[in-house]
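This report concerns only the one structure given below.
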Amino acid sequence: MKKNKVMNFFSALGRSLMMPIAALAACSIVLGLTAALMKTEVLEAAPFLKQEVIFFIISTINKVSNVVFTLLPVLFSISIAFGLAKKDKEVAAFAGFIGYYTFLVSSSCMINSGFMDFSALKISVILGVETVDMGAVAGIITGLLTAALHNKYHKITFPAAISFYGGKRFVALVVILASAVVGLIAPLIWEPISVGINGLGVIIGKSGALGVFIFGTLERLLIPTGLHHVLNSIFRTTAVGGVYDGVEGCLNVFLQYVGQVDLSELRPFTQFLGQGKMPFMIFGLPGAALAIYRTSPTDKKAKVKALMIAAVAASVVSGVTEPVEFSFMFVAPVLYVFHSLMGGLSFMLMSVLDVAIGNTGGGLIDFFIWGVFQPGSNWFMVIPVGVAFFFIYYFVFSWYLRRKHLSIDVAADEEEDDAPVDSGKKLEDAKNQKAALVIEGLGGYENIVAVNNCITRLRVDVKDMSLVQEDILKKTGSLGIVKPSETHIQVIYGPKVESIADAVREVLNY
């Protein structure tokens, strides 16, 4: 039971962290494009970009797109409070912001109290408050605190005389009080913790290629559990991913200093970012998909081909790999271990070859914006490594699937589910029918506790896992199913999960 609670918590935390990370990834595409257009080499090649109005527009967009980076800690607080709240999520999100700001002010009071010397701490002006700078950690702490208090007190009732302050209104009050206490304590204990985190970052940094290989392998191995988001967030937003001029986290460092310093200065940080994914996302997995198609039985080839084309497009263009990965993850787990090791090798080779392509995605969009368009990124090294990965994946997958006589299973009615409709009403009816089928597969209305989703997964808390019917879920177009605990299930749909989740919530009247 304890294991279930732990897995449920980390699964929900990973889902919650994805909201600001997704926003960061989207804004960073614009940031990268505008940063490239402001490069001296680009301006010299295209003099019209120097025109006052055009340059003003580009520089303004560049600064505006960087706003998510500066707000990342408070976004973490809000998104975690929202994601972990069981009911009244909008109230929790509101309290998440109040809690974070209270934390900042309270910590500021402590460091300015004169009670002890806080000069060793990093002090910054955050949202107008001069306070201890704990980076994303402060947002995570206040988000977790807010969610816990919200879930405990959002339905509390008081006597009639003070009933106005009960329920949802009490959440903000108790969060302010608790965040104030935590804010006062934080500067006292953050210094030794900060030293420890920095030390871990140094160890990983000194591990060189081996450290990068371990990171890349773990990043893939954790995909089935959904906990890879947590691992990535640690490296991207804390000192574990490196520190540069006081800025912590490999993604934070890259986005803040790209275009301001030479890319060679940022290579120690980009080694944990998108560059490590590109050889296997753009080249390796398409090779695996081709092998899966060519080794499929003749009667399955047409459907497997359609599935693989869509899955490969998601991986190559935007770096969403789960549609491909979940097609073989459970059928051939040995191949997934191989894929994870190749992921580690991919990260390591990009680091050894001095590639400097940042951001979080590993698809063509990031490859061009952060690689091809960025002088000094050594983007061309991705291509020979990627080509080698394509053939290695293809031959290994072909050999193993043929040797074990394995093929992926495609739902018999998948074509009907995805068939086009010729009117808005038919489209709505089709969505509702599919949502009803999903609900049936999850054990029915009464068995569903909560429905959420991330970029590729429908994440559902259920009362009784034995009522879940995987064969029905597969008919809805599911690419795979993960059960991190006895009360939580993740149904993999790929990029189309958002519309499926919305339809399910609508039918459930959530």
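Read-outs throughout are calculated quantities, based only on the coordinates presented, and are distinct from any laboratory measurement. Everything numeric in this text was worked out from a predicted model, so none of it was measured. Because the Cβ atoms are built from the backbone with ideal geometry, glycine has one as well, and the counts that use them run over all protein chains shown.
How far apart, in nm, are the 7 Å Cα→Cβ label points at V129 and C109? In this crude label model, V129 to C109 measures out at 1.0 nm.
The modelled label-to-label distance between E446 and A160, using points 7 Å beyond Cα along the C-beta direction, is 3.8 nm.
In order along the range 497-509, the Karplus-derived 3J(HN,Hα) couplings, from 6.51 cos²θ - 1.76 cosθ + 1.60 at θ = phi - 60°, round to 4, 4, 5, 5, 4, 4, 5, 5, 5, 5, 5, 7, 6 Hz, and Gly and Pro are given as x. When the Cα positions of I492, A450, L437 are compared along the charge dipole of the range 422-508, I492 comes out farthest toward the positive end, with charges on each C-beta of Lys, Arg, Asp and Glu. Under a 5 Å amide H cut-off, with hydrogens placed 1.01 Å from N, C454 pairs with R459 among residues at least 5 apart or on other chains. In this structure, the amide hydrogen of Q469, modeled 1.01 Å from its nitrogen in the peptide plane, lies closer than 5 angstrom to those of L442, G443, counting only residues at least 5 positions away or on a different chain. Computed from backbone phi with θ = phi - 60° and the Karplus coefficients 6.51, -1.76 and 1.60, the 3J(HN,Hα) list for the range 399-404 is 4, 5, 5, 6, 5, 8 Hz; x is used for glycine and proline.
Computing Rg and the Kirkwood Rh from the Cα coordinates of the range 255-404 gives a ratio, Rg/Rh, of 1.03. Among the listed pairs K89/K122; K152/K434; K87/K474; K87/K434; K404/K474, which are separated by more than 31 Å between their Cα atoms? From the list (K89/K122; K152/K434; K87/K474; K87/K434; K404/K474), the Cα-Cα distance tops 31 Å for K89/K122; K152/K434. Summary of packing: across the peptides 480-489, 183-192, 343-352, 279-288, the per-residue average of other C-beta atoms within 10 Å ranks them, highest first, as 279-288, 343-352, 480-489, 183-192. Rounded to the nearest 0.05, what FRET efficiency do A148 and R403 have when you use their Cβ-Cβ distance and R0 = 51 Å? With a Förster radius of 51 Å, E is 0.50. Spin-label pair L173-A209: with each label point 7 Å from Cα along the Cα-Cβ axis, the two points sit 6.2 nm from one another.
Computed about the Cα centre, the dipole magnitude for the range 112-175 is approximately 480 debye when only Lys and Arg (+1) and Asp and Glu (-1) carry charge, each at its Cβ. With a Förster radius of 41 Å applied to the beta-carbon distance between L467 and V352, the computed FRET efficiency rounds to 0.25. Rounded to the nearest 0.05, the FRET efficiency derived from the C-beta distance between A313 and V261 at R0 = 25 Å is 0.10.
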